[in-house]
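What follows is a short report on a single structure.
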Amino acid sequence: MTPRESAALRLEGRGLVRRFRGGAGLRGIDLGVASGEIHAIVGLNGAGKTTLMRVLLGMLRPDTGEVRVDGVDLRSADAATWARVGQLVEQPLAYGELTGRGNLEIAARLHGIERGCVNRLVDHAIEEFDLGRYARVRTSRLSLGNRQRVGLAAALLHEPMVIVLDEPTNALDPAGVILLRESLLRRAAAGAGILVSSHHLDEVARVADRITVINDGRAIGSLDPDGVDLERAFFDLVLSDDAARDDAARDDATRSAA
Amino acid sequence: MSARVAPRGLLRAAITVEARKARSSHVLLWTTVLVVAGVGALTLGILAAVASGEEQVIAKLGPLAGVGGWAGLVGIVVQITAAGGLGAFGVALSWMFGREFADGTVAALFAMPVPRAAIAIGKLIVYAIWAVGVAVLLTGVVTGVGLMLGYGVTDAAGFGELARLPLLVVLTALIAVPAAWAATLGRGLLPGIATTIGIIVVAQVLAIADVGAWVPIVAPALWAIAPDSVPAAALLTVPSVPLVFGALCALAWSRLQLDR
């Protein structure tokens, strides 16, 4: 990656290593999300997708490597930097005791929006994610899918330029999936850099400009979003990586025994 | 592009958000009702038992059993509050901090312009405002009970004793703050509640043994049982507990990692 390319990245991780007890974690990942790009990461359960997103957002400190958010080193990111970020990793910002609207209002305040601008942004988010029916309903009474919609609206209502979403289509109905797809495409067209993880290869292919395959805490290759059989290409990459690692482990064991 | 708040407004935003969550959840409201109704019911029960000559209750009250009027009423209330109120305050704090981990909402509080330390401080400020409200309400209720019992006429000179009550409630609320730190370190409600129980046990055992006037977590309970054995300067050490543990709490939230 040239310095010029690096400067244009909305989100960048270099040499990211984060090990957990038991061997799981990240084993050295480089990843970038450019302005206007939707970059998808796919992988099996436990491959390291969520850990990677946590490290990129400062939820976990890497053992080694560095993260830059809109060109700013994560360790020195200030309020202005974080104001350009929207994320939904694991649980949505959806407090059960608040209504749908109430959750969006507190999300706006936490995203640093002035009190006078909150209502306008919340109204727009309710319209964008078709939450009108649930705006005055306590979130604890909403279905999982509608809670996810509230969480997505809360993550995106301040028009962030750096967006990180972990399995954003989780529990969404087909209408919700389409709303999210249109929302992401619109934001990417406006210059946002978007990183999403997903298990749904078909859905990923519809929105992503780039698909990176994560396996065993490493980026092992990429898939062509316009490819004809993504599932087959995905498993070819993962299985050949697993086989290569098994061979390497056997060689190590043989050398140790000798 | 929407207007962004200045950095100094971020703490205000955190307080606003935490106040809204606290108001909407009803947890603090019900805790207030339980504290006021519980202390009120226990006090009336003890007064009735003393009036009917219940020997066990009189023995447990010790010298306080012979004190009538406002001093006797306030004496009973502060002793109940020093233990029961501390439990309620600790549970409330454990919920305010621990629920973010139990509900999983803590992940949504990362990557925000409002720093997590400000969110922790916002929670503590909302808690402090609520605790003052509980103190005022409980004092109002006890005043009503005293007037109902006729102390306004029979013991008008002892009315000033009531001033001890709001002070005791606030001091008790202050020494519960370690529960917030424990709930943060333990990532849930139970570590905070366990810490609260630990503080209650230490405070009550040392207070009954009449030692620990200069130990900040003991001073309020000892002052409730034996006001003369605790100098005013010892009570001034109590705010050191929320200052130290509030700072530790803000630091823990600032350095928080989702590694468990």
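The values are calculated or read from the model by the stated rules, or taken from the named source; none is laboratory data. Because the structure is a prediction, the values reported are computed rather than measured. With ideal geometry, Cβ positions are generated from the backbone for all residues, glycine too; neighbour counts draw on all protein chains shown.
Pick from region B:242-260 the residues that are without any contact (Cβ under 8 Å) to a residue 24 or more places away in the chain and more than 14 Å from chain A (Cβ to nearest Cβ): which of them is nearest to the chain's Cα centre (by Cα)? Residue satisfying both the conditions and the ranking: B:L243.
Residues in region A:57-98 that are facing chain B (nearest Cβ under 9 Å) and outside any loop (DSSP other than H, G, I, E, B): A:V69, A:A79, A:A80, A:T81, A:W82, A:V85, A:G86, A:Q87, A:L88. Return yes or no: is A:T169 on the phi < 0 side of the Ramachandran plot, of a type in the set (S, T, N, Q) and at pLDDT below 95? Yes, satisfied. Given the criteria assigned to a loop (DSSP other than H, G, I, E, B), among the small types (G, A, S) and either without any contact (Cβ under 8 Å) to a residue 40 or more places away in the chain or within 25 Å of A:V207 (Cβ to Cβ) (or both), does A:G22 qualify? Answer is yes for this residue.
For region B:145-193, which positions are surrounded by fewer than 21 Cβ atoms within 10 Å (Cβ to Cβ) and among the small types (G, A, S)? Answer for region B:145-193, where residues must be surrounded by fewer than 21 Cβ atoms within 10 Å (Cβ to Cβ) and among the small types (G, A, S): B:G150, B:G152, B:A156, B:A157, B:G158, B:G160, B:A163, B:G186, B:G188.
Tell me yes or no: at least one residue of region B:105-112 is aromatic (F, W, Y) and assigned to a helix (DSSP H, G or I). No, there is no match, as no residue in region B:105-112 is aromatic (F, W, Y) and assigned to a helix (DSSP H, G or I).
Checked against (1) in contact with a Gly (Cβ under 8 Å, 6 or more places away or on another chain); (2) modelled with pLDDT under 95; (3) within 30 Å of A:V118 (Cα to Cα), A:R149 passes all but a single condition, namely (2).
If I ask for residues that are under 17 Å from the mean Cα position of the chain (by Cα) and without any contact (Cβ under 8 Å) to a residue 12 or more places away in the chain, which ones from region B:151-166 would you list?
Within region B:151-166, the first condition is being under 17 Å from the mean Cα position of the chain (by Cα), and the residues that meet it are B:163-166.
Once the filter is applied, which keeps residues that are under 17 Å from the mean Cα position of the chain (by Cα) and without any contact (Cβ under 8 Å) to a residue 12 or more places away in the chain, region B:151-166 yields only B:A163.
From the list A:L88, A:L93, A:L31, the one residue that fits, being aliphatic (A, V, I, L, M), under 13 Å from the mean Cα position of the chain (by Cα) and within 21 Å of B:A14 (Cβ to Cβ), is A:L88.
For the structure I just gave you, tell me whether A:V204 is among the β-branched types (V, I, T) and under 17 Å from the mean Cα position of the chain (by Cα). Please lay out each step first, then the result.
Working: among the β-branched types (V, I, T): yes; under 17 Å from the mean Cα position of the chain (by Cα): yes.
Answer is yes for this residue.
On the stretch given as region A:67-105, residues that are hydrophobic (A, V, I, L, M, F, W, C) and within 30 Å of A:G132 (Cβ to Cβ) total 9.
Can you tell me which residues in region A:99-117 are assigned to a loop (DSSP other than H, G, I, E, B) and either at negative phi or more than 8 Å from chain B (Cβ to nearest Cβ) (or both)?
At the first step, the residues of region A:99-117 found to be assigned to a loop (DSSP other than H, G, I, E, B) are A:111-112, A:114.
Once the filter is applied, which keeps residues that are assigned to a loop (DSSP other than H, G, I, E, B) and either at negative phi or more than 8 Å from chain B (Cβ to nearest Cβ) (or both), region A:99-117 yields A:H111, A:E114.
Out of region B:125-141, which residues are surrounded by 22 or more Cβ atoms within 10 Å (Cβ to Cβ) and either over 17 Å from the mean Cα position of the chain (by Cα) or closer than 16 Å to B:A13 by Cα (or both)? The answer is B:V126, B:Y127.
Mind telling me which of the residues A:R136, A:R149, A:R120 ends up being crowded, with 24+ Cβ neighbours inside 10 Å and either touching a helix residue (DSSP H, G or I) at 6+ places or on another chain (Cβ under 8 Å) or assigned to a helix (DSSP H, G or I) (or both)? Explain how you work it out, then say what you get.
Details: A:R136 fails: crowded, with 24+ Cβ neighbours inside 10 Å; A:R120 fails: crowded, with 24+ Cβ neighbours inside 10 Å.
Answer to the check: A:R149.
Here's the yes/no breakdown for (1) closer than 23 Å to A:G13 by Cβ; (2) surrounded by 14 or more Cβ atoms within 10 Å (Cβ to Cβ); (3) β-branched (V, I, T):
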| position | (1), (2), (3) |
| --- | --- |
| A:D166 | yes, yes, no |
| A:L172 | no, yes, no |
| A:R181 | no, yes, no |
| A:A189 | no, no, no |
| A:H199 | yes, yes, no |
| A:D202 | no, no, no |
| A:D226 | no, no, no |
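Residues in region B:179-186: is at least one in a loop (DSSP other than H, G, I, E, B) and within 30 Å of B:G104 (Cβ to Cβ)? Yes, because at least one residue in region B:179-186 is in a loop (DSSP other than H, G, I, E, B) and within 30 Å of B:G104 (Cβ to Cβ). Of the residues making up region B:139-150, one or more are away from every other protein chain (no Cβ under 14 Å), outside any helix (DSSP H, G or I) and without any contact (Cβ under 8 Å) to a residue 40 or more places away in the chain. Quick check: is even one residue across region B:202-212 modelled with pLDDT of 95 or more and outside any helix (DSSP H, G or I)? No: region B:202-212 contains no residue that is modelled with pLDDT of 95 or more and outside any helix (DSSP H, G or I). Candidates in region B:226-241 are the residues that are assigned to a helix (DSSP H, G or I) and over 17 Å from the mean Cα position of the chain (by Cα); of these, the one that is farthest from the other protein chains (Cβ to nearest Cβ) is B:D228.
Just need a number here: residues in region A:163-186 that are in contact with a strand residue (DSSP E or B) (Cβ under 7 Å, 6 or more places away or on another chain) and away from chain B (no Cβ under 14 Å).
Within region A:163-186, the first condition is being in contact with a strand residue (DSSP E or B) (Cβ under 7 Å, 6 or more places away or on another chain), and the residues that meet it are A:163-169, A:184.
Applying the additional criterion that residues be away from chain B (no Cβ under 14 Å) yields A:169, A:184.
Qualifying residue count for the region: 2.
Counting residues that are modelled with pLDDT of 90 or more and more than 14 Å from chain A (Cβ to nearest Cβ), which helices (runs of 4 or more DSSP H) fully inside region B:1-92 reach at least 3?
Details: elements: B:8-25, B:27-51, B:55-61, B:69-80.
Ranges flagged: B:27-51, B:69-80.
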